[in-house]
Amino acid sequence: MDYLTIKEFSELSGYSERHSRRMCKSGNISSMSEINSFNGRISYMIPVSALSEDLQAKYYARLKKDAGLALELTENKPEKSPKTRKPTRSFEELSAYERTQLNFWCELLKEWQGRRSQYKSKTEFDHNFVGECRLKYEGIEISERILYRKWTAYKNDDFDGILGVRGAWNRNNTTIPEPVWNDFLYEWLDENRPTVSLCYRSTIRWTEEFYPELLDLIPSEMTFRRRIEKDVAYAVKTLLRDGEKAFSDRCLPYIMRMYDKLEANDCWIADNHTFDIQSYDDNGNVHRLYLTAFLDAKSGVMTGWNITESPDSQSTILALRHGIMRFGIPKCIYVDNGREFLTHDIGGKGHRTHGKKDDLQPEPPTILKRLGIEMRNAIVRNAKAKPIERTFYTVKNQFSKLFSGFCGGTVLERPESLKRRIKDGKLPCDYEIREIFDAWIDREYNQQAYGGSETCYKELSRLDVWNKTCSEIRKAPESALNLMLMRSTRKQKIKRNGVYVTICSEKIWFTEPKETIMNLEKEVYVRYDPADLRTVRIYDAETDKYMFTWSLADQLMADYLEENMETVAGANALIRETKKFVREQAKGTVTALSNQQRITLLDMTVRKSQAEKNEDFRIIQPKRIVPIMADEEPEERMAVGAESVVIDMKKIRKNSEMRKK
């Protein structure tokens, strides 16, 4: 009994493969089911006897047509031409074994066609020829259908079809309807990264609602997966599913840095790193320390560093000072856009934008400017431009993992025993980390093999590369370096209590009473060392010239409810002394005047008035006079009878005085 696969039944009946499979599954057509050993899916075989009479006639007519017996079908509707295999491989692309098999089948097919032409009943001959071949060639699978199929491939020069290589004949043809595929892509190319299975089920529901006529044409999920790999570009998938940063890191071209013209100390790279170590501070609290480091771009040597409890601008200055004392002053530093680097008195604003009002305000010379160091800023969100990130990865793997307090950079890296170590108090202390890190950098890291891109230094260590490529070194005496590394405030005016420095949002005042009172309202800059706030240095705001060194104004500071009279008495004595000094200065100024200079402003006015009396002062009136008259008539005196009443004011006052007495 002959059987048809789902694909053969679909080509014969005109139904889609999906609809044909549903008919077999629901029992609308008799079929046999079995599990496919290759993909584990259920495959159906439909017996020819279960077909309708029209389909059976159509099936046998097609067999006869493939066998060379053309038979015109008397159907009103023309039959759809089945899809034919396209030639896949040429004869040169076949292996030696495949060529042998190809020659065998070609000779067998020629023999079959040559002999069957001599028989009137070719169907009966085909049956007998198959039985003869099975007896003659043991181990070779052969049947009438196989002969018909291989003969069709032979006529189409399809070597893979003759050899029985199944699949890939319609590799470049897709069966997914275009609207369905577009909806699937819309759902799958999303930044939430949904799975293919979820999008496939959603696409089926969408098709049921908007394109129900295409529902039977939707292929399996595996077809969608194959088309994703084939038609959707990797860059598009990365951009829409993983985001801009992943697209930039994985797909876009990058700039290859050339180090040929770079020398040691030409450029230092700075950044901060959080140690993956839980440790105890001086008070016994558990925390993590931070590392501020400077790395030489040419050799990879870590020149300077500072370990702190919080990364700030002062830690940057300490790390820079440490590197300068060891390796000299660099020509340029390369930093990111963090606040600890773009402070107004260290490197300036960098890429940070400010309003026009801030731009108009003059700034004091920065520390880097005083040292002659150029500052370069990395592009925002461009971590790959800083090789120091790879150095911090080395610090994590080779240094942080040595300690019992290692906690990892993520939850997945955290050891399971960390909680027990914290509970048992087996974490290291801060001073231990600082001591071991100082020794590890110079004795281990800086002496490891050079890992840069220049192959000529592959056999050298990082320190050897620095020694070999450093042609000159810029150094400064320690005293001068301390002055150049002092912090600066913004421009301020000298007030009654002097000048101030803001530390942790608190104003700390510095003064020298006599110099302060004589320079009130003068605009200055204040430079200070945060580690030593006993004195500050005052510089002129216009010329940046050193003016004074003032001490802490501790005598002027007292509690609101101070009961110690000595503290208040000391402050009052300072105020009296300052007042006396100003009076003496004013008295000295007046004493130095001559008798001619002591003439007051009133004397000068009287002198000028007397001098002008001798001059001719007269008013010359013109001959033409224009009279101005009032609009009203003047009032007449009140009369009582015929006589006028006259008021005598002298008599009224005299009578009033007599009444008072």
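The values are calculated or read from the model by the stated rules, or taken from the named source; none is laboratory data. The shown structure was predicted, so the numbers you read here are calculated from the model rather than taken from an experiment. So basically every Cβ, Gly included, is an ideal-geometry build from the backbone, and we count neighbours across all protein chains shown.
May I ask you to say which residue of 300, 284 is within 15 Å of residue 469 (Cβ to Cβ), in a loop (DSSP other than H, G, I, E, B) and small (Gly, Ala, Ser)?
Numbers: 284 fails: within 15 Å of residue 469 (Cβ to Cβ).
On inspection, the qualifying residue turns out to be 300.
Can you pull out the residues in segment 175-192 that are touching a Phe, Trp or Tyr at 6+ places or on another chain (Cβ under 9 Å), in contact (Cβ under 8 Å) with a residue 24 or more places away in the chain and farther than 14 Å from residue 210 by Cα? Can you show your working first?
Keep residues of segment 175-192 that are touching a Phe, Trp or Tyr at 6+ places or on another chain (Cβ under 9 Å), which gives 176-177, 179-181, 183-184, 187-188.
Keeping just the survivors that are in contact (Cβ under 8 Å) with a residue 24 or more places away in the chain gives 176-177, 179-181, 183-184, 188.
Answer for segment 175-192, where residues must be touching a Phe, Trp or Tyr at 6+ places or on another chain (Cβ under 9 Å), in contact (Cβ under 8 Å) with a residue 24 or more places away in the chain and farther than 14 Å from residue 210 by Cα: 176, 188.
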- Message: Suppose we keep only residues that are closer than 27 Å to residue 418 by Cα and β-branched (Val, Ile, Thr) within segment 288-319. Which one would you say is surrounded by the most Cβ atoms within 10 Å (Cβ to Cβ)?
- Response: 292
- Item | Subset of segment 530-544 (residues that are over 12 Å from residue 483 (Cβ atoms) and basic (Lys, Arg)) | 534
- Item | Total residues in segment 171-212, condition within 18 Å of residue 242 (Cα to Cα) and either touching an Asp or Glu at 6+ places or on another chain (Cβ under 6 Å) or aromatic (Phe, Trp, Tyr) (or both) | 4
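Farther than 25 Å from residue 414 by Cα, modelled with pLDDT under 90 and in contact with a helix residue (DSSP H, G or I) (Cβ under 8 Å, 6 or more places away or on another chain), is that true of residue 270?
Values: farther than 25 Å from residue 414 by Cα: yes; modelled with pLDDT under 90: no; in contact with a helix residue (DSSP H, G or I) (Cβ under 8 Å, 6 or more places away or on another chain): yes.
No, not satisfied.
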- Yes or no: residue 331 crowded, with 19+ Cβ neighbours inside 10 Å, at pLDDT 90 or above and in contact with a Cys (Cβ under 8 Å, 6 or more places away or on another chain)? no
- Message: Any residue that is part of a loop (DSSP other than H, G, I, E, B) and either under 24 Å from the mean Cα position of the chain (by Cα) or at pLDDT 90 or above (or both) - is there at least one of those in segment 312-325?
- Response: yes
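Taking only segment 505-523 into account, find how many residues are assigned to a strand (DSSP E or B) and under 26 Å from residue 340 (Cβ atoms). Step through it out loud before you land on a result.
Taking segment 505-523 as the starting set, the residues that turn out to be assigned to a strand (DSSP E or B) are 506-511, 523.
Next, from what is left, pick out any that are under 26 Å from residue 340 (Cβ atoms): 506-508, 510.
Of the residues in segment 505-523, 4 are assigned to a strand (DSSP E or B) and under 26 Å from residue 340 (Cβ atoms).
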- Query: Which condition number does residue 139 fail, the rest of (1) within 28 Å of residue 60 (Cβ to Cβ); (2) in a loop (DSSP other than H, G, I, E, B); (3) of a type outside the set (Val, Ile, Thr) being met?
  - Reply: (1)
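Going by what's in this entry, would residue 371 be described as more than 22 Å from the chain's Cα centre (by Cα), of a type in the set (A, V, I, L, M) and modelled with pLDDT of 80 or more?
Values: more than 22 Å from the chain's Cα centre (by Cα): yes; of a type in the set (A, V, I, L, M): yes; modelled with pLDDT of 80 or more: yes.
Yes; evaluated as a whole, the condition is true for this residue.
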- Message: Given the criteria assigned to a loop (DSSP other than H, G, I, E, B) and of a type outside the set (Asp, Glu), does residue 145 qualify?
- Response: no
- Query: Cβ-Cβ below 8 Å, separation at least six or inter-chain, first residue in segment 411-427 and modelled with pLDDT of 90 or more, second part of a helix (DSSP H, G or I) and among the charged types (D, E, K, R): which pairs?
  - Reply: 427/421
- Message: Looking at segment 491-532 only, could you name the residues that are exposed (fewer than 15 other Cβ atoms within 10 Å of the Cβ), within 21 Å of residue 318 (Cα to Cα) and either modelled with pLDDT of 85 or more or in the same structural domain as residue 318 (by TED's automatic domain parsing) (or both)?
- Response: 502
- Counting only residues that are within 29 Å of the chain's Cα centre (by Cα) and either basic (Lys, Arg) or closer than 30 Å to residue 330 by Cα (or both), give me the helices (runs of 4 or more DSSP H) lying completely in segment 158-273 with at least 1 of them. 234-237, 244-250
- Are any of the residues in segment 219-227 surrounded by 14 or more Cβ atoms within 10 Å (Cβ to Cβ), of a type in the set (S, T, N, Q) and farther than 30 Å from residue 22 by Cα? no
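Before we move on, is residue 524 farther than 30 Å from residue 308 by Cα, β-branched (Val, Ile, Thr) and within 41 Å of the chain's Cα centre (by Cα)?
Working: farther than 30 Å from residue 308 by Cα: yes; β-branched (Val, Ile, Thr): yes; within 41 Å of the chain's Cα centre (by Cα): yes.
The answer is yes for residue 524.
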- Report, by residue number, each residue of segment 110-125 that is part of a helix (DSSP H, G or I), free of Cβ contacts under 8 Å to residues at least 12 places away in the same chain and among the aromatic types (Phe, Trp, Tyr). 125
